[in-house]
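Here the structure comes first, spelled out in structure tokens, and everything after it is commentary.
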Amino acid sequence: MPSQQPFRFGIVRNQTLPWPVLADHARRFEACGFESLWLSDHFQRPSGPDEPLLEGWTTLAALAATTERLRLGILVTSNTFRNPALVVKEAVTVDHVSRGRVEVGLGTGWYKGEHDRVGLPFPEPPELVDRFEEAVQIVDLMLRQKTTTFKGAYYTLEDALCHPLPIQQPRPPITLGAHGPRMLRIAARYADRWNSYGSVAEIQDRNTRLDEACAAIGRPPGEIIRSFFGMAPRLTMAGRLPTDPWASPDAFGEAVELYRAVGINEFLVDGPEPHQLDVMERIASDVLPRFRTSKASGDV
């Protein structure tokens with residue numbers, strides 16, 4: 001099915017860099033024309049537990065005050081860390097600071113090691129998804145209305161206040177990280193953007209399952225942005241990409257086309273290393289416009 005969505009590009013920047021460098025990189029990404037910038041939500045970086053790491057939502061608020069155009073989000077907020085009503089307050093705050101540029105990314109939480117280190121419970125997968133589904137409903141409701149009452153198995157709200165409401169109406173877009181069948185059904189119902197990672201075959205299968213989940217509830221599948229997170233070094237080492245997308249403009253274009261061919265219309269990729277920033281600028285000027293102006297897979 002042809003996508004109803006334009007092709008988008010974003011950067012995922014793990015906040016391991018010192019704040020002045022992170023802020024400078026954000027401004028450089030913005031100047032290059034990338035549509036969005038995403039941070040992570042962790043107490044420690046899973047791939048580098050002993051590295052320094054700034055907290056996601058507070059860093060996002062700071063970036064909102066130092067950028068002008070970039071859409072800003074967390075890929076994705078761990079539901080095990082916060083009450084969903086607090087996530088709503090954080091998101092609304094960043095929406096106001098950014099003058100309407102926040103993207104609300106939500107996920108179940110997955111890295112047990114950091115939960116153990118800070119003493120947070122980490123439920124078994126069925127409960128993780130149960131809690132997540134309730135939390136997504138709460139976030140969707142609270143971002144739309146001033147007061148919300150909700151009674152679930154895990155969360156209860158009684159006239160919970162969302163004041164001020166977000167700048168974006170009827171609410172800021174919701175991004176759901178989802179891979180399994182039940183999570184994809186939740187995404188079909190609530191997501192404005194579905195984000196996943198994996199091999200081309202895995203993404204193709206999940207994309208089809210999301211279409212089927214949308215059809216089951218009568219939602220047009222094309223309403224949902226199909227977003228791929230490319231963790232460049234990990235994908236290269238796993239053999240899912242032939243080379244680091246930041247190695248050259250050709251390498252970046254090849255990586256994008258692999259996933260575009262199976263229905264992806266947004267490519268989010270780990271930020272380049274400092275020595276690759278010049279290559280990034282060439283990619284932004286030479287590669288990104290070709291995908292943005294194409295109509296369907298195979299046009300580039």
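Of the numbered criteria (1) touching a residue at least 40 places away in the same chain (Cβ under 8 Å); (2) surrounded by fewer than 19 Cβ atoms within 10 Å (Cβ to Cβ); (3) within 25 Å of ARG189 (Cβ to Cβ), the one ASP130 fails is (1).
PRO121 falls short on exactly one of the conditions (1) closer than 26 Å to PHE228 by Cα; (2) surrounded by fewer than 16 Cβ atoms within 10 Å (Cβ to Cβ); (3) in contact (Cβ under 8 Å) with a residue 12 or more places away in the chain, and that condition is (1).
Of all residues in the stretch 151-198 being surrounded by fewer than 16 Cβ atoms within 10 Å (Cβ to Cβ) and among the polar types (S, T, N, Q), which is nearest to ASN83 (Cα to Cα)? So the residue we want is THR156. Residues in the stretch 78-118 that are in contact (Cβ under 8 Å) with a residue 40 or more places away in the chain and β-branched (Val, Ile, Thr) were compared, and the one that is nearest to PRO181 (Cα to Cα) is THR108.
Residue-wise test of (1) touching a residue at least 12 places away in the same chain (Cβ under 8 Å); (2) more than 26 Å from GLU90 (Cβ to Cβ).
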{"site": "ALA178", "(1), (2)": "yes, no"}
{"site": "TYR190", "(1), (2)": "yes, no"}
{"site": "TRP194", "(1), (2)": "yes, no"}
{"site": "GLN204", "(1), (2)": "yes, yes"}
{"site": "ARG209", "(1), (2)": "yes, yes"}
{"site": "GLY218", "(1), (2)": "no, yes"}
{"site": "ILE224", "(1), (2)": "yes, no"}
{"site": "SER227", "(1), (2)": "yes, no"}
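If you go through the stretch 263-284 and pick out every residue that is touching a residue at least 12 places away in the same chain (Cβ under 8 Å) and surrounded by fewer than 19 Cβ atoms within 10 Å (Cβ to Cβ), you end up with 5.
Results for (1) more than 27 Å from ASP159 (Cβ to Cβ); (2) of a type outside the set (A, V, I, L, M, F, W, C), shown as yes or no for each residue.
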{"residue": "THR80", "(1), (2)": "no, yes"}
{"residue": "VAL87", "(1), (2)": "no, no"}
{"residue": "VAL102", "(1), (2)": "no, no"}
{"residue": "TRP110", "(1), (2)": "yes, no"}
{"residue": "VAL118", "(1), (2)": "yes, no"}
{"residue": "ARG131", "(1), (2)": "no, yes"}
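At least 1 residues being of a type in the set (S, T, N, Q), within 25 Å of LEU37 (Cα to Cα) and modelled with pLDDT under 95 is the threshold, and among the helices (runs of 4 or more DSSP H) wholly inside the stretch 82-191 not one reaches it.
Quick check on ARG206: is it within 23 Å of LEU128 (Cα to Cα), out of contact with any helix residue (DSSP H, G or I) (no Cβ under 8 Å at 6 or more places or on another chain), surrounded by 22 or more Cβ atoms within 10 Å (Cβ to Cβ) and among the basic types (Lys, Arg)? No. Among the residues making up the stretch 253-267, a single one is outside any loop (DSSP other than H, G, I, E, B) and closer than 14 Å to ASP205 by Cβ: TYR259.
The values are calculated or read from the model by the stated rules, or taken from the named source; none is laboratory data. Everything quoted here is computed from the prediction, not taken from an experiment. For neighbour counting, all protein chains shown are included, and Cβ atoms are generated from backbone atoms with ideal geometry for every residue, glycine included.
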